[in-house]
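To keep things clear, I will list the structure first and then write my remarks on it.
The values are calculated or read from the model by the stated rules, or taken from the named source; none is laboratory data. All of these numbers come straight from a predicted model, not from anything done at the bench. No Cβ is skipped: glycine too gets one built from the backbone with ideal geometry, and neighbour counts run over all protein chains shown. For the accessible areas, the whole protein counts, side chains as well, though only heavy atoms, and no ligand, DNA or RNA atoms are used. Shrake-Rupley method; radii C 1.70, N 1.55, O 1.52, S 1.80 Å.
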Amino acid sequence: MSDNQVPVGRFAPSPSGRMHLGNIYAAVMSWLSVRRRGGRWILRIEDLDPQRSKPEHALMIEDDLQWLGLDWDEGGLDNRGPHGPYVQSRRHDIYRQYLDRLEATGFTYKCRCTRADIMATQAPHQSDGRIIYSGRCRPAVMPCHDTDPSAPGATRLYVPDRDIKFDDLLAGPQCFNLARDCGDFILRRADGAWSYQLAVVVDDALMGVTEVMRGSDLLLSAAQQIYLYELLGFEPPRFAHLPLLTNETGQRLSKRDNSLSMEALRQNNRPEDVLGMVAHAAGIIDRARPVALSELLSPGV
Ligand code: GLU
């Protein structure tokens with residue numbers, strides 16, 4: 001990003017339930033980061049998972065953001081702005097176009113493995129729960145221009161044995177090896193659902209996003225995404241991955257931590273109290289006290 005470009009950030013929640021403090025933390029930090037520099041902020045609804053996404057959750061996300069005072073210049077359910085639609089389930093034709101481009105490289109292939117096949121053949125060292133695809137359906141020689149894109153199955157992207165390095169604005173220098181750490185990954189599922197990795201890259205690129213701030217659970221995804229940016233000829237944004245908030249028992253917050261869900265937080269607090277919790281967790285203020293967004297925006301805080 002050149003120095004005189006207006007920063008563009010975004011919040012890209014999945015409407016699979018009520019947000020919790022961790023989601024709000026990412027939203028507030030991203031909003032502050034661009035607003036402090038006079039930048040723009042986009043709200044994109046990532047509802048690609050048809051089983052888990054519900055319109056009522058998306059409505060609550062908007063309501064929770066508004067309650068906190070976080071405003072967006074583009075996006076949301078009313079698809080305001082020049083780069084819409086901002087609801088991923090309405091961007092099917094756009095993703096199709098970019099998948100076509102990737103298929104034309106010869107580095108995609110059709111995969112007919114079931115989940116059980118993948119579990120049975122995954123590399124044995126993946127003990128942290130991450131599944132690295134073994135390459136069972138991969139053609140022997142890549143690029144392969146014989147793959148029939150209309151054949152049934154998921155569409156996977158072949159990844160080379162290559163290090164992807166990037167300087168994360170918060171997490172520092174990163175290096176992931178695509179083959180070892182990610183493996184060939186899915187661009188479109190066998191049931192036709194678009195993958196998060198493809199959709200997020202296409203959307204962030206077309207929406208002009210210059211800064212992606214989100215939780216550090218997505219650090220590895222950033223490497224996959226940088227690779228897709230390169231294949232599609234887009235300039236990647238700057239990445240900023242926030243440390244994950246944990247609950248009293250040291251576990252990462254999830255939608256099951258009811259006391260920190262926005263429902264409970266809104267019942268028991270005012271917006272400035274919740275902003276204070278977030279600002280304290282971020283180390284912006286030294287104790288949790290009520291704080292207004294306007295205070296957080298001032299450079300002295
Ligand atoms: N939709 C993703 C989530 O809610 C976030 C994606 C992103 O920020 O890149 O986890």
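Looking at the stretch 2-13, is at least one residue touching a Ser or Thr at 6+ places or on another chain (Cβ under 7 Å) and of a type in the set (A, V, I, L, M, F, W, C)?
Yes, the conditions are met somewhere in the stretch 2-13.
Between a residue in the stretch 259-282 that is free of Cβ contacts under 8 Å to residues at least 12 places away in the same chain and any residue that is open to solvent by 50 Å² or more (accessible area, probe 1.4 Å) and of a type in the set (Lys, Arg), which pairs come within a Cβ distance under 7 Å, given they are 6 or more apart or on different chains?
280/287
For residue 24, only one of the following conditions fails: (1) more than 30 Å from residue 131 (Cα to Cα); (2) within 16 Å of the ligand (Cβ to nearest atom); (3) open to solvent by less than 30 Å² (accessible area, probe 1.4 Å). What is its number?
All conditions are met except number (1).
Of the numbered conditions (1) open to solvent by 10 Å² or more (accessible area, probe 1.4 Å); (2) within 26 Å of residue 138 (Cβ to Cβ), residue 229 fails exactly one; give the number of that condition.
The one condition residue 229 does not meet is (1).
Please give the strands (runs of 3 or more DSSP E) falling wholly within the stretch 154-240 in which 2 or more residues are more than 25 Å from residue 5 (Cα to Cα) and away from the ligand (no atom under 15 Å from the Cβ). Spell out the reasoning first.
On the way: elements: 154-157, 163-168, 172-177, 185-188, 211-215.
Per the criteria, 154-157, 163-168, 172-177, 185-188.
So which residues in the stretch 71-122 are polar (S, T, N, Q) and at positive phi?
Initial filter on the stretch 71-122 (polar (S, T, N, Q)): 79, 88-89, 97, 105, 108, 114, 121-122.
Scanning the stretch 71-122 gives a single hit, 79.
Are any residues in the stretch 100-124 assigned to a loop (DSSP other than H, G, I, E, B) and hydroxyl-bearing (Ser, Thr, Tyr), and if so, which ones?
Matches in the stretch 100-124: 105, 114.
Among the residues of the stretch 64-97, write down those that are among the polar types (S, T, N, Q) and within 17 Å of the chain's Cα centre (by Cα).
Hits for the stretch 64-97 are 88, 89.
Under 9 Å between Cβ atoms, at least 6 apart or on separate chains: pull out the pairs that start in the stretch 9-28 with a residue that is of a type in the set (Ser, Thr, Tyr) and end on any residue that is in a helix (DSSP H, G or I).
That search, which allows pairs on different chains as well, returns 14/57; 14/196; 16/57; 25/277; 25/278; 25/281.
Test residue 38 against the criterion of being open to solvent by less than 30 Å² (accessible area, probe 1.4 Å) and either modelled with pLDDT of 95 or more or within 13 Å of the ligand (Cβ to nearest atom) (or both), and give yes or no.
Values: open to solvent by less than 30 Å² (accessible area, probe 1.4 Å): no; either modelled with pLDDT of 95 or more or within 13 Å of the ligand (Cβ to nearest atom) (or both): yes.
Criteria not met by residue 38.
Kindly provide the set of residues from the stretch 1-51 that are under 17 Å from residue 218 (Cβ atoms) and assigned to a loop (DSSP other than H, G, I, E, B), ordered by number.
12, 13, 14, 16, 19, 44, 46, 48, 49
If I go through the stretch 72-99 residue by residue, how many of them are without any contact (Cβ under 8 Å) to a residue 40 or more places away in the chain and either assigned to a loop (DSSP other than H, G, I, E, B) or over 23 Å from residue 271 (Cβ atoms) (or both)?
Number of matching residues: 13.
Got a sec? Which of 62, 46 is within 16 Å of the ligand (Cβ to nearest atom) and without any contact (Cβ under 8 Å) to a residue 24 or more places away in the chain? So that I can check it myself, show each step before the final result.
On the way: 46 fails: without any contact (Cβ under 8 Å) to a residue 24 or more places away in the chain.
Among 62, 46, only 62 is within 16 Å of the ligand (Cβ to nearest atom) and without any contact (Cβ under 8 Å) to a residue 24 or more places away in the chain.
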